[in-house]
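The values are calculated or read from the model by the stated rules, or taken from the named source; none is laboratory data. Predicted model, so just to flag it, every value in this text is computed and none were measured. Backbone-built Cβ (ideal geometry, glycine too); neighbour counts: all protein chains shown. Just the protein is used for accessible areas: all its heavy atoms, side chains included, with ligands, DNA and RNA removed. Shrake-Rupley method; radii C 1.70, N 1.55, O 1.52, S 1.80 Å.
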Amino acid sequence: MLQAFRLTFEEKRMWMTLGGSVLFAFVLAIGVILLDTRLITALDFFPPFLLTSVNLAKSILSLLAGSLFSVATFTFATMLSVISFYSSNFSPRTVENFLLHKTSMQTLGIFLGGFIYCLSSLFFMRSSENEYLVISATVALVYALACVVYFIKFVYNVATSVQLEKLVDKIYKDADAICEETIRYFREKPAFDHLPQIETLHQYTVRADRNGYVEYINFDRLVELSTEFDGITVLRFRIGDFLSVNEPLAIFYTNRKLEDEPRLQEVLNLSLTYETEPSTMFDPNFARKKLIEIALRAVSPGINDPNTAIHILHYKALLDAKFARLPGRFILMGKEQEGVDEEALRYSGCVFYDFNNFSKDLYESYWQLIHYMKTDISGVVALFDSLLTIAYAAHPKKLSYIKDYSNYLSNLTSPNFTERLDLQNIEERQQHILGITCDEQK
């Protein structure tokens, strides 16, 4: 439940940050109005230099209202320009890295909130109050100073956000945190290289009842469901996959005939959270894919910046190495029954999840880059160097696949070069990968 709430909060974070700033200004306006109208008699305890006449307060508030609204318009226009720059030069999926940045939304919200504060304070200033001193102008002055600080932060954020190296570093750190959190959650679970041979009297195929990206799986609820129906659930999808209605979700193995199969279908679907677009919160593959998309844009004919792609490959390899060092592919969720030889009984009440399909992830994450970089010797060398980084950290069983993949990469790229030095450069790096042993990794 907590994880699902986190996902919902992440989707609404932009509106909550913007709305929170505006709400703060509105509450502040209410408090100041109560003081100025003497509904709360506390102004007598304030120092006299903090109070102004109503006429002066009106002048200050009128000036600030127009100024804050103008700056809010300028801030919004700047944000649109940066968003357009991100989409055209980096990747449309990187827009959220700027748009959801706390400083961006808070700055816009604070200026809009200041505009609301000034208008609200002006509306409740009556001519009959001319004999009173008010504090609304002083509060507005302090608010304006805070707006200046946030505007400076916003300008600095824009200046750093449009720098490619800063963006790559931020995306890498976000992806690294997601990978570490995911690995930490599954690390203590039993891992298998292959699914065990499960033979039961009955097998039920559970199908999706809606369309969308799977962004969260409630594994605890699935384990409870498997225990309740006395069977084994084998999930056929991963977080981040796009599913359509009637697409197989899982195979449920059990030795007893289910009389309430529709409930099994319903509850298992309710254990999943679907979204209309992918999210990086629980999907480390999508977090890594954002780096690849920037690299692809860099090597496109319109931009032709292979050095940026090479820079990104270094960081991408560090993320892939985290999963390369993990043993196994399938994770067992639930408690395995001890002292039982038959798989159908040993894993009853458990869930199998394809957590670390390393070979598929490695192949699919590099195939587009290989297509665009296979004729550039610097790009080909960078691809082999990234494989070398992954190989040094790989588990022995993952290392064998990396060596096979290096042969695949060599077969795709070597025919594009005829010069001896280019071929020698590729051959040296491939041999370096093939020569890595398990003892060398230790």
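Values for this structure:
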item	result
Antiparallel bridges, percent of DSSP beta bridges restricted to the chain (to nearest 5)	95 percent
Kirkwood hydrodynamic radius (C-alpha pairs) into Stokes-Einstein, the chain, 25 °C and 0.890 mPa s, D in µm²/s	94 µm²/s
Cα long-axis angle, helix 284-298 against the chain (0 to 90 degrees, to the nearest 10)	80 degrees
Over the chain, relative contact order from alpha-carbon pairs under 8 Å, at least 6 apart, %	15 percent
Set of aspartates and glutamates with alpha-carbon distance to Lys173 below 18 Å, sequence-local pairs under 8 removed	Glu10, Glu96, Glu165, Glu181, Asp283, Glu293, Asp320
Cα-based reach from Lys58 at 19 Å (exclusive), listing aspartates and glutamates while leaving out same-chain residues under 8 positions away	Asp36, Glu129, Glu131
Per-pair calculated FRET efficiency, R0 = 25 Å: Thr41 and Leu145 via Cβ, rounded to 0.05	0.35
Karplus (6.51, -1.76, 1.60) ³J(HN,Hα), θ = phi - 60°, over the range 168-185, in Hz, Gly and Pro reported as x	4, 5, 5, 5, 4, 5, 5, 5, 4, 5, 5, 5, 5, 5, 5, 5, 4, 5
For the range 224-289 and the range 302-371, distance of Cα centres in Å	18 Å
Extended-chain gain in nm, criterion 0.36 nm per residue less alpha-carbon gap, Asn246 and Glu165	24.8 nm
Trypsin sites (Lys or Arg not before Pro) within the range 163-242, DSSP loop, no more than 12 other Cβ atoms inside 10 Å	Arg187, Arg210
Calculated FRET value between Leu412 and Ser81, using beta carbons and R₀ = 51 Å, to 0.05	0.80
Probe 1.4 Å, protein heavy atoms only - accessible area per residue of the range 3-162 in square angstrom	53 Å²
Coordinate range along principal axes, alpha carbons of the range 233-335, Å, largest first	61, 32, 19
The range 3-162, accessible surface, carbon-and-sulfur percent (1.4 angstrom probe)	74 percent
Principal-axis tilt of helix 306-324 within the chain, Cα atoms, nearest 10 degrees	70 degrees
Zero-based 10 Å bins, Cα pair distances in the range 3-162, whole percents	10, 34, 27, 17, 9, 2
Entries in Lys374/Lys398; Lys189/Lys322; Lys289/Lys398; Lys153/Lys289; Lys316/Lys360 that, when Cα-Cα distance is taken, lie over 27 Å	Lys153/Lys289
